[in-house]
Amino acid sequence: MKTTVIGAYPKISDENQELRRALHRHDRGELDANGLSGVFDETTRWAIGELDWVGIDVVNDGQIRWDDMLAPFARAWDGCERGPLERFYDNNTYFRQPVITGPITTDGRTLLRDYEFARGIARGQFKAAVCGPLTFATLAEDHHYRSLEDRTLAVADAVAAEIRTLGAAGATLVDVEEPALVAHPEHFALARAAIERLATAGVPLALQTFFFPADPLLDALAAFPVAQVGIDVRSRETQVVEKLNALRHTVVLGIVDARNTRVETERELAGVIEAALRQMPADYLWLAPTTGLEYLPHAIAVQKLKALVAAARATGGVKV
Amino acid sequence: MTDQVLLTTTVGSFGKPDYLQKARNANARGKLGDSELSELERKATEEWIRRQERLDIDILVDGEMYRGDMVAYFAERLEGFRLGGLVRSYGNRYYHKPIIASKVGRPKPMTVDWFRYAQSLTDRPVKGMLTGPYTLLDWSYNEAYQTRREAALALAEVVRQEAEDLQAAGARYIQVDEPAIHARPEEIDIAIEAMAVVTQNLDVKTISHVCYGDFAAIYPKVLELPVDQLDLAMANYGYRWLELFDRDPFTKELAIGIVDVHSHETESVAEAAAGIRKGLRYVSKERLLPHPDCGLKTRTVEESEEKCRVVVEATKVVRKELARQAAPA
């Protein structure tokens, strides 16, 4: 069993607030774009260093430059603007709603520079991440496309272009962060059509679902053309662990709650892992926080990661 | 004022003056004493009462010069809470998200002295302002209670105590804000049950402010929230929530947000007046209260004042129109 993270890592801690200060200085005109970019890079280095140090096997870049899950894309893509603040699902965290004003197009290079920078820092396996097409499409305000279907597939084509570039740059795994799939299970066929377009890029994909239970979708998920499926077992009541044998993918099981400060006990985590292993072989089970750790204070996020790594080792999956 | 229509009000917080912001920072660093800070908070409160009178707002607030975050303020004063580390809310904004670490209790009143002080400064009514139990729960980490319902009901009990103390201190309006109410639409029954605990013994005007979320997901169920008045952000949403009232008529008083609070720019008086007219299609002039979409604490004093000015001017424009329509030909 490998350990991994998904989504955004806390950008600051109570002790290290350099990025926060740099952004304030940038707002006041005291720090130029290059200076700010340097601080983003340093913060990315810090985040990846911590993930490595704690012992996470497959890391991402912590999405330090991302204001929210949709922001890098809404900023870079033609046909998109950034609109008003909205609450991000059931979190007291906000995102800028993308406003679609024309056909969405991209040069596909939105994430390239940051991907290459971060991959150069990570000691172990490194993965990229993109926003899920259905998530982007359901959260956007649309003044251009005629239907959710048209919008979702247009977003999928743009995301596929991003993945193709990442693949050409050497990416071997890309997380597709798609909470909308479990938030709106009624749209699973559309989500699948979108993921099929992403799969044409030829890079292994990890479809990350979170915040809502995956129970009603397990059978449908089995047919998604992805290498991995991420499932949150903490945010809401779910019996999904008992049914994991419905999947033929690697399962990224979100077993530590990235949205609550109570740190899970080793026994609690072992219970979930053992239940999962009754349904599937260890080679196909990865362990992760439920979602991005940025919903937690930094110090707790580190404790959660330590609990995750300890649980993986205690259940015998990883050689120390 | 009693025969006035379209009473104007605000959602609760205003921009803090620079001297107070600096004093709060100095206090946080241990370089300014609590009593010195409190003096400045009283000064800023009085300034905001005077400003609201000058602006001719009908139902005032104390402006929350002494509060930072609307959940943390209460968490710092309730037993059972501790403050967690910094967490980002958006952009470069961070806050100390509270942790419910053990069973909650209220050692003593938390807002009553501030209410008494603010009310002593003016003849106009000042609202008592509280954060609702569901929002206190949803915007905190819960380590102490087995279920979210259990936590919400425990918090409702402490909010009820505070609300009843505000009523005893003379508050004629008590606002219990639930901006998190649509965070999990499937839990709205919990929010309603908790609010019923809070308002069960109140015989003053009760209000709840709801903002920034999918209001459609909780409408019309939210009409069961046991308060007299719902206070809604509308300008930020292009008034789209009003269309919901076509199918299921709105049954409460409506405090209608007619200026967006998150932009530095303020709508014109004409735009804001158009917002009031939209509201009047659904709610009578006696039951419609114009105000800014949300609290103004993220704005400067000047911006806060400008947004309020536009609300009051727009209201006066529409009041005149209504008076002309009512006048015999």
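Say whether the condition of being part of a strand (DSSP E or B) and either touching a Ser or Thr at 6+ places or on another chain (Cβ under 9 Å) or at pLDDT 95 or above (or both) is met by at least one residue in region B:239-252.
no
Please work out if residue B:94 is within 14 Å of another protein chain (Cβ to nearest Cβ), free of Cβ contacts under 8 Å to residues at least 40 places away in the same chain, surrounded by 18 or more Cβ atoms within 10 Å (Cβ to Cβ) and not in a loop (DSSP other than H, G, I, E, B).
For residue B:94, the condition - within 14 Å of another protein chain (Cβ to nearest Cβ), free of Cβ contacts under 8 Å to residues at least 40 places away in the same chain, surrounded by 18 or more Cβ atoms within 10 Å (Cβ to Cβ) and not in a loop (DSSP other than H, G, I, E, B) - is met.
For region A:257-285, which residues satisfy the criterion of being among the β-branched types (Val, Ile, Thr), crowded, with 20+ Cβ neighbours inside 10 Å and over 16 Å from residue A:239 (Cα atoms)?
A:261
Do you know which residues across region B:131-190 are polar (S, T, N, Q) and either away from every other protein chain (no Cβ under 14 Å) or closer than 24 Å to residue B:255 by Cα (or both)?
Within region B:131-190, B:131, B:135, B:161, B:167, B:175 meet the criteria.
Can you tell me how many residues in region A:7-21 are at the interface with chain B (Cβ under 9 Å from one of its Cβ atoms) and either assigned to a helix (DSSP H, G or I) or surrounded by fewer than 18 Cβ atoms within 10 Å (Cβ to Cβ) (or both)?
Looking only at that region, the number is 5.
Looking at residue B:122, is it modelled with pLDDT of 95 or more and within 14 Å of residue B:12 (Cα to Cα)?
no
For region A:96-117: of the residues being more than 22 Å from residue A:39 (Cα to Cα) and crowded, with 16+ Cβ neighbours inside 10 Å, which is farthest from the other protein chains (Cβ to nearest Cβ)?
Step by step, filter region A:96-117, then rank; the result is A:108.
Quick check on residue A:115: is it of a type in the set (Phe, Trp, Tyr) and assigned to a loop (DSSP other than H, G, I, E, B)?
no
Hey, can you tell me all the residues within region A:279-297 that are over 21 Å from residue A:214 (Cβ atoms) and touching a helix residue (DSSP H, G or I) at 6+ places or on another chain (Cβ under 9 Å)?
Result: A:294, A:296.
Output the qualifying pairs, or none if there are none: Cβ atoms under 8 angstrom, residues six or more apart or on different chains, first residue in region A:198-219 and of a type in the set (Val, Ile, Thr), second residue in a strand (DSSP E or B).
A:203/A:174; A:209/A:229; A:209/A:230; A:209/A:231; A:209/A:232
Rundown of residues vs (1) among the aliphatic types (A, V, I, L, M); (2) crowded, with 24+ Cβ neighbours inside 10 Å, yes/no style:
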{"position": "B:146", "(1), (2)": "no, no"}
{"position": "B:176", "(1), (2)": "yes, yes"}
{"position": "B:208", "(1), (2)": "no, yes"}
{"position": "B:216", "(1), (2)": "yes, no"}
{"position": "B:224", "(1), (2)": "no, no"}
{"position": "B:228", "(1), (2)": "no, no"}
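Would you check which residues across region A:67-91 are part of a loop (DSSP other than H, G, I, E, B) and either touching a Leu at 6+ places or on another chain (Cβ under 6 Å) or within 11 Å of chain B (Cβ to nearest Cβ) (or both) and list them?
A:67, A:68, A:88, A:89, A:90, A:91
The values are calculated or read from the model by the stated rules, or taken from the named source; none is laboratory data. Bear in mind the structure is a predicted one, so any value in this text is a computation, not a measurement. All Cβ positions, even for glycine, are placed from backbone atoms using ideal geometry, and neighbour counts span all protein chains on display.
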